[in-house]
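First the structure, in the form of C-alpha cells, and then the observations on it.
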Amino acid sequence: MGENMIVPVPESWAGQGAVDAATYAADHARSIADSDGFWRDQIGRLDWVKTPTRMDESDFSESNFQIRWFADGRINVSANCLDRHLAERGDATAIIWEPDDPTAAPRHISYRALHAEVCRFANVLKAAGAHRGSRVTLYLPMIPEAAVAMLACARIGAIHSIVFGGFSPDALAGRIQDCDSTIVVTADEGRRGGKRVPLKANVDAALPHCPSIETVIVVPATGADVPMRAGRDLRYDAAIAAASPDCPPEAMDSEDPLFLLYTSGSTGKPKGVVHSSGGYLLWAAMTHQLCFDYRPGEVFWCAADVGWVTGHSYIVYGPLANGATTLMYEGVPNWPSAARIWQVVERHRVATLFTAPTVLRSLMKEGDDLVLSTDRSSLRLLGSVGEPINPEAWRWYHAVPGEGRCPIIDMWWQTETGAGMIAPLPGATPLKPGSATFPLPGVEPRLLDGEGAVLEGAADGNLVIARSWPGQMRTVWNDHDRFFQTYFTTFPGYYTTGDGARRDADGYWWITGRVDDVINVSGHRMGTAEVESALVLHPKVAEAAVVGMPHELKGQGIYAYVTLNAGDEADEALRRELVQWVRREIGPIATPDAVQFAPGLPKTRSGKIMRRILRKIAEGEIGALGDISTLADPAVVDDLVANRVMA
Ligand code: 6R9
C-alpha cells in the first residue's frame, strides 16, 4: 500500500516553498550535467576569506583516489555561523535552550552574546595550548556550552571530537587515545530525564589511560561538587570570565578538518570520520535551507544530541550558518511525560521539528490525547532521520502531531555523508509514507546488484553513490587506507553506503536498512563487532556473536549469542551480569536485549560464523534458515532454535 499512496504537496505549500518541483528537477539535472557551474553558484551561500575557484576534484578510483572540494578556498566556519550575522541579526536569538527540568527557565542566547562567548572560550582553548589542527575532545551534556566549545574550536582551527555523554569511560578513553587530543571539555554532571550523568567522574576514570591530555575544562552544569585536579582541571566559568572577548577567526583552508566524529562500522574499532571546513559547512547549510525551507525568525528544533552527526549538522552548523534560531533541548522527549516534546513545541512556537522514528513509535503508543492537549499551530514542517520510518509511524506523525498539514521530511544520510542526501523538498516533492523520496542536488545514487552491475528502473539492491559531494567525509583519522578499503573497494568506483535500497516504478527511493554488520538501535549505530569484543572481555565468555533483531520501539534490538568457557555455569545471574558488563564497557545504548547461552555457534568448516543463520533465529524465522549443509556441525542449529530467547 505504501508504494502507491502519494501525499501531494499540501495546498498551503503550493508556491510557498523556496523550491518548486520544476526548479528541483532542473537543479538536480544541472548538478550532475554541469557540476562545476552548479557549485560555482552555490558557494555564495557562505562567506569565504578567499572564494574558491576550484570546485570538485574528487576521484573514487584506486589509482587517483582523493576527495577534494574548493581546494583553493579559505574560510572560517565560526565566522560563517556568527560574525556574518551580527550586523543584520546580532540581537536575534541564535540558541534557545530548553532545560531538562520543565520548571526551570529556558535561556535565549543572541548571536551577539554567542559570538562573545565563543571568542572568549576560543582564547581559553588557545591559552590551554590548542591551535590549528590540534584535537579537542568534547564530552558534554546538551547545554549551550557544547555549541560554544564546537564553534570556539572552529574559530582557532582546532579539530573537535565529540563523544556522546552516554558513552562509558572506556569508550571515551579509546576515542581520546585514537586522536591524541590534548584537552577535554566536560561538565560536572549532565541531566537527562530527571537523572544525573557523572561526566566528570567518567573523565577522571578515563584519563589514567590517556597520557595526551594536558587540560580538562569543566562546565558547572549542575553545580555538583566534583574533585578538581590542580594543574590539570580548570573551571569553565572562571576561565571565560578572565578571557578576552577578542579573537579573530583563523583563515582555514577549505580542506582543513573541522571535526572528527567516531562512528561504528562492521569491523574493528569505531572510525574517526573526518569532515572538512568548506565543503562540510556548505553541505550542512544548503541541505538545512532546502529541505527545511528555513525562513528567518522561525524556530528550528532538531531533537538529536550533539554527540551524533545529526546534532552537529542540524543543531549547530547548518542552522547557525543560515542565521536560524536553533532550539537545543537538554532532556529526553518523553520525560516527565510523553507530552513533553509537544509542550516544548508549544512553549517555543517551534516551526520545524526534526526527530527519529524510534521516538515517534514510543510516543505513538501513549495515545493521541497527550499530543492533542498541546497547541502545535506553529509547526510548518516535520522531519524524520536515523532509520527507516515505518509507514504507520509516518502516517501518525503526519495526521496527529502534524494535523495533516505539515510535510514529512524523511531524510536519509550518514555520519560519513556530513548531512542529508536523499530527502524531499517540502514545496516540491509529493510524498510517499516510508520513502526518503529523491536525491538532493549534487547526489547521484545508484543501485547495484551483488556483483556490482548497475540496476535500472524499479529494483532492489545495494545503495551506492556515483560521485562525490561537498559534505563527504575526507578520511578516517590516521588511517586513510582504511577509508579507501571500507568505502571504495566493495564496488570499485563508487562510495558504498552499507545500506540496501529499493527504487520503485515512480523513481522513489526506499531505504531498506543496513546490508552489513551494523545494527541501528533507536537510530544509533552499533557495530556488532564492538558488542562482541565487550562480551569476550568477560572472564567467563569464550565466544560471542551479536546480531540485530526486530524491536517494536527501538527498530532493532541487540541479540547476543554467548558461549561460555568450559566449566562455567549459564544462569540468570550471569545473564544479568553480562548485560551490565556491556553497559559498563560501552554505554547504555549498547544494552543487549536478549542473551542466549549457546554451547556452540554455527560455523563453516573454515571457522566463519554464519551470521545469516543467527539473524534468522533472532528474528524468529526458524522455518527459513536456508542451506545449513556447509556448517561444520549442523546439530548446533537445533540447540540454538530450541533455546531461542524471546526478548
Ligand atoms: C544521520 C544518521 C546512518 C545509518 C544509515 C541508515 C540509517 C539514517 C535514515 C536511515 C532510512 C532514513 N538511516 N537516516 N535509514 N531512512 N531517513 O543517522 O547517521 O548515525 O551515521 O547512521 O542510519 O542505515 O546508513 P548515522
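The values are calculated or read from the model by the stated rules, or taken from the named source; none is laboratory data. Given the structure is predicted, the values throughout are model-derived calculations rather than measurements. Reconstructed Cβ throughout: ideal geometry from the backbone, glycine too, with neighbour counts over all protein chains shown. Keep in mind that these areas ignore ligands, DNA and RNA; they rest on the heavy atoms of the full protein, side chains included. Shrake-Rupley method; radii C 1.70, N 1.55, O 1.52, S 1.80 Å.
Based on DSSP H assignment, which helices of the chain show an axial Cα extent of at least 15 Å together with a mean Kyte-Doolittle hydropathy greater than or equal to -0.5? Mind dumping the intermediate values first?
Values: long enough: 21-33 (18 Å, 0.10); 111-127 (24 Å, 0.24); 144-156 (19 Å, 1.25); 169-179 (16 Å, -0.24); 278-292 (21 Å, 0.79); 572-585 (20 Å, -1.08).
Membrane-span-like by this criterion, though nothing is claimed about a membrane: 21-33, 111-127, 144-156, 169-179, 278-292.
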> Residues with beta-carbon under 13 Å from that of PHE121, excluding PHE121: net charge, scoring Lys, Arg +1 and Asp, Glu -1?
Replying inline: 0
> Could you give the length gained on full extension between ILE622 and TRP335, defined as 0.36 nm per residue of separation minus the Cα-Cα distance, in nm?
Replying inline: 99.5 nm
> Straight-line reach from LYS50: which lysines have Cα under 29 Å away, leaving out those fewer than 8 places along the same chain?
Replying inline: LYS126
> Per-residue accessible area for ASP627 at 1.4 Å probe radius, Å² rounded to 10?
Replying inline: 90
>> Report the gain in length on full extension from LEU537 to ALA26: 0.36 nm times residue separation, minus Cα-Cα distance, nm rounded to one decimal.
In response: 178.5 nm
>> Quick query: amide H of SER435 versus all other amide H atoms, modeled in the peptide plane; which residues come in under 5 Å with a sequence gap of 5 or more or a different chain?
In response: none
> What's the local net charge at ALA224, with K and R +1, D and E -1, over the other residues with C-beta under 9 Å away?
Replying inline: -1
>> Under 8 Å for C-alpha pairs, at least 6 residues apart: give me the relative contact order for the chain, rounded to a whole percent.
In response: 14
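Within the range 151-307, what whole-number % of the accessible surface is contributed by carbon and sulfur, with the 1.4 Å probe and all protein chains included in the calculation?
Whole-percent figure for carbon plus sulfur exposure: 52.
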> If you take the Cα atoms of the range 556-629, find Rg, then find the Kirkwood Rh from the mean of 1/r over all pairs, what is Rg/Rh?
Replying inline: 1.00
> Amide H of ARG135: which non-local residues (sequence gap of 5 or more, or other chain) have their own amide H closer than 5 Å, using H built in the peptide plane?
Replying inline: ILE159, THR182
> In whole percent, what relative contact order does the range 26-152 give with Cα contacts below 8 Å and a gap of six or more residues?
Replying inline: 16
>> Once each part is reduced to its C-alpha centroid, what is the distance from the range 488-557 to the range 1-80 in angstrom?
In response: 29
>> Residues of the range 249-283 with backbone nitrogen within less than 18 Å of a virtual label 7 Å along the Cα-to-Cβ line of ALA647, please, listed as ranges.
In response: 264-266
>> If I model a spin label at LYS50 and ASP506 as a point 7 Å from the Cα along the Cα→Cβ vector, what separation in nanometres do I get?
In response: 4.9
>> Give me the one-decimal Kirkwood hydrodynamic radius in Å for the chain, with the sum taken over alpha-carbon pairs.
In response: 25.4
>> If the only charges are +1 at each Lys and Arg Cβ and -1 at each Asp and Glu Cβ, what is the size of the charge dipole of the range 169-242 around the Cα centre, to the nearest 20 debye?
In response: 300
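Just add up the charged neighbours of ASN520: K/R +1, D/E -1, any other residue whose Cβ is under 9 Å from the Cβ of ASN520. Write down the numbers at each step before the final one.
Values: positive: ARG514, ARG525, LYS554; negative: GLU387.
So the environment of ASN520 carries a net charge of +2.
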> Percent antiparallel among DSSP beta bridges with both residues in the chain, to the nearest 5?
Replying inline: 60
>> Calculate the FRET efficiency for GLN177 and GLU346 from the Cβ-Cβ distance with a Förster distance of 35 Å, rounded to the nearest 0.05.
In response: 0.20
>> If amide hydrogens are placed 1.01 Å from N in the peptide plane, which non-local residues have theirs closer than 5 Å to the one on VAL197?
In response: GLY190, ARG191, ARG192
>> With every protein chain kept in place and ligands, DNA and RNA left out, what is the accessible area per residue of the chain? Probe 1.4 Å, answer in Å².
In response: 36
>> For the range 195-271, what does the relative contact order come out to in percent, with C-alpha contacts under 8 Å and a separation of six or more?
In response: 19
>> Could you work out what % of the accessible surface of the range 463-598 is carbon and sulfur, using a 1.4 angstrom probe and leaving DNA, RNA and ligands out of the count?
In response: 50
>> Taking the Cα centroid of the range 313-356 and of the range 576-647, what is the distance between the two, rounded to the nearest whole Å?
In response: 39
> Under a point-charge model restricted to the Cβ atoms of Lys and Arg (+1) and Asp and Glu (-1), what is the dipole moment magnitude of the chain relative to its Cα centre, in debye to the nearest 20?
Replying inline: 880
>> Quick check: pseudo-label points 7 Å beyond the Cα along Cα→Cβ at SER63 and ALA635, how many nm apart are they?
In response: 5.6
> Excluding ligands and nucleic acids, what accessible area in Å² is computed for LYS616 using a 1.4 Å probe, to the nearest 10?
Replying inline: 60
>> If each residue of separation counts as 0.36 nm, what is the full-extension length gain between VAL454 and GLU569 once their alpha-carbon separation is subtracted?
In response: 36.3 nm
>> Show me, bin by bin at 5 Å from 0, the whole-percent P(r) of the range 151-204 based on Cα pairs.
In response: 4, 17, 27, 23, 17, 9, 3, 0
